[in-house]
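A quick write-up on the structure given underneath.
The values are calculated or read from the model by the stated rules, or taken from the named source; none is laboratory data. Remember, it's a predicted structure, so these values are computed and weren't measured experimentally. Cβ atoms come from the backbone with ideal geometry, glycine included; neighbour counts cover every protein chain shown. Heavy atoms of the whole protein, side chains included, go into the accessibility calculation; ligands, DNA and RNA do not. Shrake-Rupley method; radii C 1.70, N 1.55, O 1.52, S 1.80 Å.
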Amino acid sequence: MPAGIVDRTGIAVAELSDEQRGLLFDFLASSLSEEGYGRVMDIMAAEAFLSSDRRARRLQWDPQNYWISFYGTPSAGLPWGWQYGGHHLVLNMSVASNKVETLSPSFVGTEPAVFSLNGVDYASMVDMHQAGYAVYSALDAEQRAEADSERVPRDVQTGPGKGGVIPPVIGIRASKLRNEQKTF
């Protein structure tokens, strides 16, 4: 959700010095795969693209409006975690015994999906869209009927300020897919 709608915890990128900002991005790059870090940077580029929209000021669409929060004290022996996020991105990583336990829950997205900024073309989610289409195309008619939710939700159904909300399960279970349908 945009910063203009939901309060965030932690410290915003905008509040960091240039040196601290560099350390933050080094931390993210070392915590994520090269592809994952690239996706985060592309999502933030989408935010920069949106920052020229007439609604940007009210909704606070700006790549400076991303936050880092730490839970516990980073330690080789004690559990701790971090969250990084803003509009169209939330990453939560938990660490125990100096090993990543989970990168969940997480949310990644962009709007628009394809855009140009400062002479660079971005399409960071197209691979995910194509993979989803490939899975759908591999379903037979009966599976498609089961997978069809009949309508697209108008908005995010759970998230900040909606703690404990678990939307109804819709779609087809992965266990009902044939092995060749699970390869996408």
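Using alpha-carbon pairs under 8 Å, 6+ residues apart, how would you state the relative contact order of the chain in percent?
Contact order relative to length: 17 percent.
From the phi angles alone, apply the Karplus equation (6.51, -1.76, 1.60; θ = phi - 60°) to region 32-49 and give each ³J(HN,Hα) in whole Hz, x where the residue is Gly or Pro.
10, 5, 4, 5, x, 5, x, 5, 4, 5, 5, 5, 5, 5, 4, 5, 5, 4
Using only helices, what value at 222 nm comes out for the chain when you add -39,500 (n - 2.57) per DSSP H run of length 4 or more and divide by the total residues, to the nearest 500 deg cm²/dmol?
Counting only the DSSP helices, I get -9000 deg cm²/dmol.
In whole Å, what three semi-axes, largest first, describe the equivalent ellipsoid of the chain built from its Cα gyration tensor (square root of 5 times each eigenvalue)?
30, 22, 18
Whats the longest run of the chain with zero trypsin sites (Lys or Arg not before Pro) that are DSSP loop and have at most 16 other Cβ atoms within 10 Å?
56-150
Per residue, how much accessible area does the chain show when a 1.4 Å probe rolls over the protein heavy atoms, in square angstrom?
About 65 Å² of surface per residue is accessible.
Per-residue HN-Hα couplings for region 106-122, Karplus 6.51 cos²θ - 1.76 cosθ + 1.60 at θ = phi - 60°, whole Hz, x for Gly and Pro?
These are the phi-based 3J(HN,Hα) values: 9, 9, 10, x, 9, 8, x, 6, 10, 7, 10, 9, 6, x, 10, 8, 10 Hz.
Just to check I understand the Karplus step: with θ = phi - 60° and J = 6.51 cos²θ - 1.76 cosθ + 1.60, what whole-Hz values come out for region 143-148, glycine and proline as x?
Running phi through 6.51 cos²θ - 1.76 cosθ + 1.60 with θ = phi - 60° gives 5, 4, 4, 6, 6, 5 Hz.
For region 9-58, list log₁₀ I(q)/I(0) at each q in 0.21 Å⁻¹, using the Debye formula over Cα point scatterers of equal strength and ignoring solvent, two decimals each.
For region 9-58 at q = 0.21 Å⁻¹, log10 I(q)/I(0) is -0.90.
Defining a contact as two alpha carbons under 8 Å apart and six or more residues distant in sequence, what relative contact order in percent does region 1-73 show?
Normalised by residue count, the contact order of region 1-73 is 56 percent.
Does region 74-153 come out rounded, prolate or oblate by the C-alpha gyration tensor, with a ≥ b ≥ c the root eigenvalues, rounded set by a/c under 1.5 and, if not, prolate when a/b is larger than b/c and oblate if not?
Taking the square roots of the gyration eigenvalues as a ≥ b ≥ c, region 74-153 is oblate.
For Ile11, what accessible area in Å² do you get when you roll a 1.4 Å probe over the heavy atoms of the protein chains, rounding to the nearest 10?
Rounded to the nearest 10, the figure is 60 Å².
In square nanometres and to one decimal, what's the mean projected area of the convex hull around the Cα atoms of region 1-84?
Here the figure is 6.2 nm², rounded to one decimal.
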